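The values are calculated or read from the model by the stated rules, or taken from the named source; none is laboratory data. Only a predicted model underlies this, so the values are computations on that prediction, with no experimental measurement involved. When we count neighbours, we look across all protein chains shown, and the Cβ atoms used for this are built from the backbone with ideal geometry, even at glycine. Areas reflect the complete protein model, heavy atoms only, side chains present, ligands, DNA and RNA absent. Shrake-Rupley method; radii C 1.70, N 1.55, O 1.52, S 1.80 Å.
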Amino acid sequence: MAFPAFPARGAHVVLRDSEGAQKVFFLGANCQDLRMGKYPAIPLDTVLATPYGAILRREANGKWQRHRHSSGEADTADAEVQENNQHLAQDNSAQSLTPSDVRDLKKTCSGDAVVEALASNSATFASKTKFAKEKYLKKKAQKHVQQVTFLRPSAMELCETYYKASRSKVCGLRYDYLSSILCQADVRSGGRYLVLDCAAGLVTGAMAQQLAGVGQVFRVFKGGFPEKGFFELDLSEAEKAAVRPIAVEALSSHEPFSTEWLRPASNAEAEEPVAAGRAEARATRARQRKADFESLEAQPVHGLLIVAGEDELDLAMEVLEVCLPRLSPGGRAVLFGQHMQPMAALQGQWRASGGFVDVRLMQLFTREFQVLPARTHPFMVSESQLCEGFILCASKVDNTGPEEPPAKRVCS
Amino acid sequence: MTSEECAREGDFVILWGSYTQIFGVVLKHGEITNNRFGNFHHDEIIGRSYGSKVRSRKGGLWLALLRASPEFVTHSLTHRTQIVYHADISMLRCLLDARPGRVICEAGTGSGSVSASLGRALRPGGRLHTFEFHEERQRQAQADFEKYGLLDVVTSRHRDVCNNGFGEDLRGAVHGVFLDLPAPWAAVGHVSEVLVPGGKVVTFSPCVEQVDKTATELRRSGYFDVRMLETLAVNWGVRDAEAKSKKRRLGSKEAEEKEEDADAARRGEWLSYQMPMRSHTGYLLVATRCPADEP
């Protein structure tokens with residue numbers, strides 16, 4: 001399968017700068033140079049000749065050039081720390097270069113040289129421990145070295161990129177949650193799914209990747225829907241074709257074919273020659289919508305996924321109400337949201353109803369560690385959210401037969 | 001209803017009894033599954049649609065008939081080794097970008113919990129090559145994959161990858177590697193033989209020292225973005241605020257009436273509580289192989 005080594009025209013690339021900020025770029029026909037934050041523009045020719053995973057660094061001559069990944073972490077062979085900070089004063093007097101000196105340096109030197117100058121003009125650098133020196137250089141490099149790392153637009157990379165830029169853009173959906181939702185809903189090639197995706201289209205896109213063109217994803221929407229993630233994943237045409245939009249109004253109406261979304265286009269405008277082409281397009285679109293809707297209604301789906309943010313709770317409940325009857329017995333229902341109370345209420349109702357089994361409400365506690373010889377510990381972040389949001393999942397069961405009260409069930 | 005929606009003879013299905021009683025069963029005419037819920041005759045299960053409640057002949061207790069999703073397989077499988085659970089599995093699927101068409105290697109196979117999930121994620125068009133150095137465990141795992149119907153996508157081999165590598169046929173042809181080994185650092189050299197540039201390797205280890213050694217080895221061997229992660233599932237239970245506790249039922253009549261009023265006010269309220277969780281499973285370490293022109 002396609003695992004391109006280089007970003008190509010028409011594809012996306014994720015760039016990460018030395019401070020860790022990430023941005024997605026589309027290398028479309030109109031794309032000239034890439035502008036990453038405050039960095040000078042990176043010419044497209046250079047970008048297209050740089051493989052995924054590589055680093056480009058801005059050198060003293062003003063050019064962006066390949067830079068190898070360094071494996072240079074401090075050796076642990078003599079990790080015994082002798083020095084300490086007993087005689088270090090924190091009065092900002094250690095650095096003899098002034099900010100304007102640094103600015104001048106940056107005009108003529110590479111980022112590396114600036115970092116070197118800062119270290120050699122620091123009165124305390126030499127007396128620091130080996131680990132402290134390494135940390136100092138790394139911090140200065142983050143600030144002064146201009147470099148970008150090329151990353152593949154995978155579901156995980158995009159999710160982290162969007163999440164870092166704005167949590168609300170992906171309604172707080174972290175990559176571990178995204179993957180968990182797909183697993184819990186058993187999204188697999190050949191399956192049929194209904195999804196409400198308020199997370200920048202990333203859930204829909206990741207589902208389309210799993211389906212690989214076999215099966216169907218019916219994307220429920222009201223008004224419009226974000227497609228950013230869906231496009232930036234660089235899906236193939238076959239993968240994209242498995243995703244069909246369905247308006248909520250058509251699902252909730254008793255007469256779906258009289259809703260605006262499904263109503264056939266009127267022919268009034270078609271008489272004017274200018275509008276004829278447009279009317280034709282509209283008729284094609286109407287036929288497609290009708291076909292999609294009928295295809296959904298032909299059979300129940302294997303899974304229902306609802307990923308909604310803080311402002312979409314009402315929509316999530318509306319979608320849940322109209323979509324649950326379309327979920328086949330044995331199918332999975334998976335909801336993601338930021339608030340516990342509505343999830344807990346559904347969990348209680350589902351457990352008591354007899355119409356569901358395996359009803360689980362969970363969160364994921366995920367934290368990242370710094371892993372360095374003799375310095376491994378969780379990253380220290382003052383405002384971290386180790387648990388983000390809630391996942392409610394369950395299997396729907398057929399509840400039409402004769403029923404004994406749930407109390408009679410064997411408890412384990 | 002299409003035949004796909006019904007359980008057929010030979011299907012590997014899940015019979016769900018409770019959160020801790022989840023049975024994986026291959027349906028066969030004439031056979032009976034016996035458990036604490038009663039005796040379940042396969043003849044009465046075959047042909048039923050998924051999502052049905054199937055009853056035991058005596059006692060009237062039911063089990064829910066469900067599809068064998070990887071999640072349920074994890075809950076139902078026989079533990080031959082310590083197994084990897086949902087949070088770690090879904091995380092590593094994400095880290096490896098496991099999806100149809102990709103080729104992934106796993107060592108060791110263990111009880112097959114990860115293999116079942118990866119295998120499903122790679123279908124169609126992909127392949128999971130899973131390696132186990134314990135001969136008997138490999139045989140059992142192979143039998144399980146046949147039972148789960150995964151042989152079209154999973155290849156199971158008896159092999160010690162730390163000493164013997166992944167095999168010539170996989171050289172430069174693998175998009176991702178997952179290592180669940182006691183000494184993952186010892187396999188890094190062999191991983192580099194099979195992993196494509198830009199491919200990812202993920203290891204799962206319970207101890208910090210294992211991660212530390214592996215990370216050092218990976219950095220030395222031309223891998224970048226070496227990240228260490230820990231992920232745990234936090235489970236929540238729920239109960240009806242109205243449901244009376246035993247303690248309260250023993251109180252005086254007056255107190256009871258008072259409580260009934262209080263109950264009425266709480267009608268429809270649900271109380272959440274945190275359920276016991278695994279406090280530690282293992283650390284995941286992920287690293288990306290450098291581009292081809294960097295050794």
Task: Cα-based shape type of the protein assembly as shown, given that a ≥ b ≥ c are square roots of the gyration tensor eigenvalues and the cut on a/c is 1.5 - done: prolate
Open item on the list: Taking 0.36 nm per residue of sequence separation and subtracting the Cα-Cα distance, how much length would be gained by fully extending the chain between B:ASN164 and B:GLU146, in nm to one decimal?
Closed with: 3.9 nm
- [ ] Roll a 1.4 angstrom probe over the protein heavy atoms and tell me the percent of accessible area of chain B that is carbon or sulfur.
- [x] 50
Task: Length added when fully stretched, A:ARG167-A:THR284, from 0.36 nm per residue minus Cα-Cα - done: 38.4 nm
Open item on the list: Please report the equivalent ellipsoid semi-axes of the stretch A:97-224, computed as sqrt(5 x eigenvalue) of the Cα gyration tensor, largest first, in whole Å.
Closed with: 48, 15, 13
Task: Top of B:GLY165, B:GLY108, B:GLY237 by mean-square fluctuation, Gaussian network on chain B, Cα under 10 Å - done: B:GLY237
TODO: Express the accessible area of chain A per residue in Å², computed with a 1.4 Å probe while the remaining protein chains stay in the model.
DONE: 48
- [ ] Calculate the spin-label point distance for A:PHE379 paired with A:ALA89, positioning each point 7 Å from the Cα along the beta-carbon direction, and give it in nanometres.
- [x] 3.6
Open item on the list: Tell me the angle of helix B:208-220 to the major Cα principal axis of chain B, expressed in degrees between 0 and 90 and rounded to the nearest ten.
Closed with: 30
TODO: Count, for each residue of B:66-75, the Cβ atoms from other chains sitting within 10 Å of its Cβ, then give me the mean as a whole number.
DONE: 5
Task: Cα gyration tensor shape for chain A, rounded if a/c is under 1.5, else prolate or oblate - done: oblate
Open item on the list: Can you compute the label reach from A:CYS387? Point 7 Å from Cα along the Cβ direction, backbone N cut-off under 17 Å, restricted to the stretch A:342-361.
Closed with: A:342-348, A:360-361
TODO: Sort all Cα-Cα distances of the stretch B:3-68 into consecutive 5 angstrom bins from zero, then give the percent of pairs in each bin up to the one containing the longest distance.
DONE: 4, 20, 34, 28, 11, 3, 0
- [ ] Can you tell me the FRET efficiency between A:SER295 and B:MET275 if r is taken as the Cβ-Cβ distance and R0 is 35 Å, rounded to the nearest 0.05?
- [x] 0.30
TODO: Compute the distance in nm between two label points, each set 7 Å from the Cα along the Cα-to-Cβ direction, one at A:GLU368 and one at A:ALA5.
DONE: 2.8
- [ ] Counting only DSSP beta bridges with both residues in chain B, tell me the antiparallel percent, nearest 5.
- [x] 65
Task: Segment A:ASP314-A:ALA29, extension gain: residue separation times 0.36 nm, minus the distance between their alpha carbons - done: 98.6 nm
TODO: Just tell me which aspartates and glutamates come within less than 12 Å, Cα to Cα, of A:LYS133; anything on the same chain fewer than 8 places away is out.
DONE: A:GLU73, A:GLU83, A:GLU116
- [ ] Could you grab the relative contact order for chain A? Cα pairs under 8 Å, six or more apart, rounded to a whole percent.
- [x] 13
- [ ] Choose one answer from A:GLN210, A:GLN147, A:GLN90: the residue with the largest mean-square fluctuation in a GNM of chain A with alpha-carbon springs under 10 Å.
- [x] A:GLN90
Open item on the list: Run the reach check for B:LYS28 against aspartates and glutamates, Cα to Cα strictly under 13 Å, same-chain hits fewer than 8 apart removed. What comes back?
Closed with: B:GLU9, B:ASP11, B:ASP43, B:GLU44
Task: Estimated 222 nm signal from helices in the protein assembly as shown, with DSSP H stretches of n ≥ 4 weighted -39500 (n - 2.57), rounded to 500 - done: -9000 deg cm²/dmol
TODO: Over the stretch B:3-68, calculate the relative contact order: mean separation of alpha carbon pairs under 8 Å at least 6 apart, over the residue count, as a percent.
DONE: 34
Task: DSSP-defined antiparallel bridges as percent of all bridges, chain A, nearest 5 - done: 65
Open item on the list: Which residues does the label zone of A:LYS143 cover in the stretch A:14-40, counting backbone N under 11 Å from a point 7 Å along Cα→Cβ?
Closed with: none
- [ ] Just check the stretch B:1-113 against the gyration tensor rule for me: Cα atoms, a ≥ b ≥ c as the square roots of the eigenvalues, rounded for a/c under 1.5, and otherwise prolate or oblate depending on whether a/b exceeds b/c.
- [x] prolate
Task: Degrees separating the helix B:86-95 axis from the principal Cα axis of chain B, which is the longest one - done: 40
Open item on the list: Can you give me the distance in nm between label points at A:HIS254 and B:LYS253, each placed 7 Å from the Cα along the Cα-to-Cβ direction?
Closed with: 5.1
TODO: Determine the sum of side-chain charges near B:ARG48: Lys and Arg each +1, Asp and Glu each -1, restricted to other residues whose C-beta is under 14 angstrom from that of B:ARG48.
DONE: -3
- [ ] Please go through the residue pairs A:LYS38/B:LYS213; A:LYS240/B:LYS53; A:LYS23/A:LYS140; A:LYS164/A:LYS228 and name each one whose alpha carbons sit more than 26 Å apart in this structure.
- [x] A:LYS38/B:LYS213; A:LYS240/B:LYS53
Open item on the list: To the nearest hundred square angstrom, how large is the accessible surface buried between B and A, total for both chains, probe 1.4 angstrom?
Closed with: 6800
- [ ] Report, for the protein assembly as shown, the % of DSSP beta bridges that are antiparallel, rounded to 5.
- [x] 65
Open item on the list: If you fit an axis through the alpha-carbon atoms of helix B:113-122 and take the longest principal axis of the Cα set of chain B, what angle between them do you get, 0 to 90°, nearest 10?
Closed with: 70
Open item on the list: Explain nothing, just the number: relative contact order of chain B, from Cα pairs under 8 Å at least 6 residues apart, as a whole percent.
Closed with: 13
